[in-house]
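**Q** I have a structure here, written as structure tokens, and I will follow up with some questions on it.
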Amino acid sequence: MYLHPGNRPRFLKLSAIHFPINALLSGGHRLSGLALIISLIGYLALANLLLIDPSVTLISISDHWLLLCLHTAFWMALSFHWLTGLRHLLAEHFTNPKPYHIINSDLITVFLMAIWVFISLFITYQAWS
């Protein structure tokens, strides 16, 4: 068995690793982009179903739970992707230390997440009511 020469741990628990908030938002941005691609495939499958089967119309499936889930997931992913993308672009635009630290501050991050939660609640209410 290999013995590491230092005191560094060999087996890290993933739950013990704490990522900075910028890393979490960057990962969320990538995941929301993936969710947008998946929802695009869902919308294309829906369009294919509408074109192939004339008995299926948008009015007949407008209250189906699967379509409501698709709408909700798409708009929530789009809003998160847009907000975190805007934050990322602003952070890249302002290379001076002061505006960069303001954009990357915890207060701005909490404000951004609060806006996204409010938008998500609004989207869920509009889609399911």
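For (1) in contact with a Gly (Cβ under 8 Å, 6 or more places away or on another chain); (2) surrounded by 14 or more Cβ atoms within 10 Å (Cβ to Cβ); (3) within 23 Å of P20 (Cβ to Cβ); (4) not polar (S, T, N, Q), each residue gets a yes or a no:
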{"site": "A45", "(1), (2), (3), (4)": "no, no, no, yes"}
{"site": "L51", "(1), (2), (3), (4)": "no, no, no, yes"}
{"site": "H71", "(1), (2), (3), (4)": "no, yes, no, yes"}
{"site": "A91", "(1), (2), (3), (4)": "no, yes, yes, yes"}
{"site": "T95", "(1), (2), (3), (4)": "no, no, yes, no"}
{"site": "T109", "(1), (2), (3), (4)": "no, yes, yes, no"}
{"site": "I123", "(1), (2), (3), (4)": "no, yes, no, yes"}
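**Q** Give me the helices (runs of 4 or more DSSP H) completely within the range 46-129, filtered to those with at least 1 residues that are at pLDDT below 90 and basic (K, R), ordered by residue number.
**A** Output list reads 65-93, 97-103.
**Q** Give the number of residues within the range 71-125 that are in contact (Cβ under 8 Å) with a residue 12 or more places away in the chain and over 30 Å from A45 (Cα atoms).
**A** 11
The values are calculated or read from the model by the stated rules, or taken from the named source; none is laboratory data. For clarity, every value in this text was computed on a predicted model and none was experimentally measured. Positions of Cβ are generated from backbone atoms using ideal geometry, with glycine treated the same way; all protein chains shown enter the neighbour counts.
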